[in-house]
Amino acid sequence: MAVSIAKCLTADVYLLIVSILLCPIYAEIVAGSSTGEDTPHRRFEYKYSFKGPHLSQSDGSVPFWVHTGNAIPSSDQIRITPSLRSQKGSVWTKNTINFQHWEAEITFRVSGRGRMGADGLAMWFTTGQGLTGPVYGAADQWNGVGIFFDSFDNDGKKNNPAVVIVGNNGNLVYDHQNDGTTQSLGTCLRDFRNKPYPVRAKITYYKKTLTIMINNGFTPDKEDYEFCARVENMVIPAEGFFGISAATGGLADDHDVLSFLVFRLTEPGQQLPPVEQEIPKEEQDKYQEEFMNFQQELDKKKEEFQKEHPDVQGEPVDDLYESVNDREIRQVFEGQNRIHLEIKQLNRQLAMILDEQRRYVSVLTDEVSKRGAQTQSGQAPSQDIDTIITTQREVLNSLNDMRNSLSASLKQVDSAQHVQQAAGGALSSYETIQHFNDIKEHLHVVKRNVEHIIQKNPGPSEKVKCPEMPPLPSCLSTTHFVVFVVIQSILFFGYIMYRSQQEAAAKKFF
């Protein structure tokens, strides 16, 4: 029992100390690996992307994109096809993409009432805009690559829903009957229909290698990707258009795209591409006019608010709300205070365990002295008692080390809190908050283990009580049984005679 206590507590405290001391080192390692030689530079390209809110403009158009067919843009998503039969829709970039390496992140939702859906969703990179056609709502015989999220099993092999990569040089006709399996360059089975969270796909084309990562939509974690497929030595056109299309057949699903983000990838060591030229004068005037209209509407609303609320007139409205930096600083301070309290409570728990172990050692020492007095002169105490005493002493040493470690951790938290109070918002970063959250999680684990050990560890004065024997049932003698039967028989015959007399008396009146 003592050995298990020592091992458990020592392992938990070592885990806590390692997490406290090595978390900054791990952050530096991650930062160093992120800037390694093989990691390309990513630059967001807004002219080839869209994302809500305010995705569509007042006239229903999407900036830098064109939509056709049954596609319906809204403020937070683009519904490529509604859940109606025989629908086709697509969205395509207006400008061509002329960079060599790229990465696209698409967030979509496919939902429907039936157990199976149709037909599916497709993401394209082609030399021309396939505005409409028979392949998931886009044109056939394309020149480029298509990533298909196929939800209908045309060949009846029960291998859908699936993600299929199909390349084309402009001459091949898509094999609908076999779900493109005869032309597939890579595939994986993933059920992307009716998920609690939007499904995410990351398509990366870097150094002639196309890689697809899928987030299955079971968790809200946006970075929970898993490998789907990879195609090496793949050559696609140097220039092309990005597009998203979908189609329905006899069955129907809602195909919604929430965001489509494109990043330009540049090999490490190469010169970054120059920033694009300034916005044309016409677009600048248009944006300036929209900004002025928005500013006038905002001023009108402020005046109306001041008229409706004369009590707050003249007071700055911005002071009534918490800024982003203030909120981050408050969250960091609250997290540090919680960690401080948890460490203090854990320190008290360890002090209780230390006192308990000391009492164990004193009791065992008294027991050894008593047995030594009873034994003959020159006879050594039993080996079991020596083992127990040694183990208890090791537990005491381990607990002392743990207490010292926790005191050092408490001092580190206090010093970090003073540093952050002096530095203000300079340290209110996401890494700091995540670091203290990890420490808090390890403290909770240690706390639960300590409480579990205290509950399972009885005191030295407590004795194990055996369950009491149940009372034996009383035996029934033959005499008692005969007397009981005779009394019951007399009562029975008496009742029969009473009933017969009552019936005879009742017959006199008839």
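Side notes on the structure shown:
- Taking 0.36 nm per residue of separation and subtracting the Cα-Cα distance, full extension of the segment from LEU272 to GLN100 would add 60.7 nm.
- Averaging 1/r over each pair of different alpha-carbon atoms in the stretch 50-109 and inverting the result gives 12.8 Å, the Kirkwood hydrodynamic radius.
- Chain lengthening between VAL66 and ARG43 when straightened (0.36 nm per residue, less Cα-Cα): 6.0 nm
- For the pair TYR498 and LYS195 in one chain, pulling the backbone fully straight at 0.36 nm per residue adds 101.0 nm over the alpha carbon distance.
- Theoretical FRET efficiency, 1/(1+(r/R0)^6), r = Cβ-Cβ of GLU226 and VAL483, R0 51 Å, to 0.05: 0.05
- Label-point gap, in nm, between ALA351 and THR127 - each point 7 angstrom along Cα→Cβ: 7.9
- Sites LEU364 and GLN331, calculated FRET efficiency, Cβ-Cβ separation with R0 45 Å, nearest 0.05: 0.35
Every read-out reported here was derived from the displayed coordinates using simple, explicitly stated rules and does not represent laboratory data. The structure presented is a predicted model; accordingly, all values stated were derived computationally and were not measured. Reconstructed Cβ throughout: ideal geometry from the backbone, glycine too, with neighbour counts over all protein chains shown.
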